[in-house]
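A short write-up of the structure that comes next.
The values are calculated or read from the model by the stated rules, or taken from the named source; none is laboratory data. All of these numbers come straight from a predicted model, not from anything done at the bench. Accessible surface is based on the protein model in full, side chains and every heavy atom, while ligands, DNA and RNA are left aside. Shrake-Rupley method; radii C 1.70, N 1.55, O 1.52, S 1.80 Å.
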Amino acid sequence: MVNVVILDDEMPGARGTQVLEWIAGELPETRVVMYTLDADVCEVARNLGAGCVLKDASYDVLVRAVRNGAASLPRSAETY
């Protein structure tokens, strides 16, 4: 089973928020870190219990978000 999913908001065939809603319903123990340029998407992600990293953040921020997600309780809502 996957522990942490890094989910881009812009994907062919589906929006990341749609996939996040599916993960939240079907795989509630899986942590998700959204990766996006849109701060509004981060708000949606937080409301669904996911973390969020803006794409203009440094690589270190993304790594920290993934590590924190893996170490935290399921559906941890953090934004970086």
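With a 10 Å cut-off between alpha carbons and a GNM built on the chain, which of GLY25, GLY69, GLY16 moves the most?
Maximum fluctuation in the GNM of the chain, among the listed residues, is at GLY25.
Under the rule of at least 5 residues apart or a separate chain, name every residue whose amide H is placed under 5 Å from the amide H of CYS52.
Sorted by chain and number, the residues that satisfy this are MET34, GLU78, THR79, TYR80.
Give me the 1.4 Å probe accessible area per residue for the chain, excluding ligands and nucleic acids, in Å². Can you show the working numbers first?
On the way: 4720 Å² over 80 residues.
In whole numbers, the chain has 59 Å² accessible per residue.
Would you mind checking which residues have amide H under 5 Å from ASP8's amide H? H placed 1.01 Å from N; only 5 or more apart, or other chain.
It is TYR35, by chain and number.
With θ set to phi - 60° and the Karplus curve 6.51 cos²θ - 1.76 cosθ + 1.60, what are the ³J(HN,Hα) couplings of the range 17-26 in order, to the nearest whole Hz, using x for Gly and Pro?
Running phi through 6.51 cos²θ - 1.76 cosθ + 1.60 with θ = phi - 60° gives 5, 5, 5, 4, 4, 5, 4, 4, x, 9 Hz.
Using the Karplus equation 6.51 cos²θ - 1.76 cosθ + 1.60 (θ = phi - 60°), what ³J(HN,Hα) coupling, rounded to whole Hz, does each residue of the range 49-59 give in order, writing x for Gly and Pro?
So the Karplus estimates, Gly and Pro as x, are x, 9, x, 8, 10, 6, 5, 8, 6, 6, 4 Hz.
In vacuum, with every alpha carbon of the chain counted as one equal point scatterer, what does the Debye formula give for log10 I(q)/I(0) at q = 0.12, 0.22, 0.24 Å⁻¹? Two decimals, please.
Each listed q maps to, in turn, -0.27, -0.93, -1.11.
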